[in-house]
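The values are calculated or read from the model by the stated rules, or taken from the named source; none is laboratory data. Here the structure is a predicted model, which means the values were calculated and not measured. As a convention, Cβ positions derive from the backbone with ideal geometry for all residues, glycine included, and neighbour counts pool all protein chains shown.
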Amino acid sequence: MARKKATDNAFVFFDVVYEDGARTSNRKVASGELLGLDGDLPARTIIEAEDEKIALMSGKPRGPIKTFNRSPGQ
């Protein structure tokens, strides 16, 4: 039986601060998306895409991301 890579089901969590001062914690991004040379930069694009989808469904747009960092303990 073949073993799965640790990244197959693993996630990295990010804390996001928006320009309006709002904050969201533990935003989940698949670790497989972060394996390239860009480091954590792809996480920003993924989180922005999720924010757009949420805004379309809720009717409440989210402001631009000011900063994002890995959640403590990651």
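Within the stretch 59-74, take every residue that is over 14 Å from VAL12 (Cα atoms) and surrounded by fewer than 14 Cβ atoms within 10 Å (Cβ to Cβ) and give me the one that is farthest from the chain's Cα centre (by Cα).
Taking the candidates together, the pick is GLY59.
Let's see how each residue does on (1) under 16 Å from ASN69 (Cβ atoms); (2) out of contact with any strand residue (DSSP E or B) (no Cβ under 7 Å at 6 or more places or on another chain); (3) at pLDDT 95 or above:
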| position | (1), (2), (3) |
| --- | --- |
| PHE13 | yes, no, yes |
| VAL16 | yes, no, yes |
| SER25 | yes, no, no |
| GLY32 | no, yes, no |
| LEU37 | no, yes, no |
| LEU41 | yes, yes, no |
| GLU48 | yes, no, yes |
| ASP51 | no, yes, yes |
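Of everything in the stretch 36-58, what is more than 13 Å from the chain's Cα centre (by Cα) and of a type in the set (A, V, I, L, M)? Give them in sequence order.
LEU37, ILE54, ALA55, LEU56, MET57
Consider the stretch 20-58. How many of its residues are assigned to a loop (DSSP other than H, G, I, E, B), touching a residue at least 24 places away in the same chain (Cβ under 8 Å) and surrounded by 11 or more Cβ atoms within 10 Å (Cβ to Cβ)?
Qualifying residue count, the stretch 20-58: 3.
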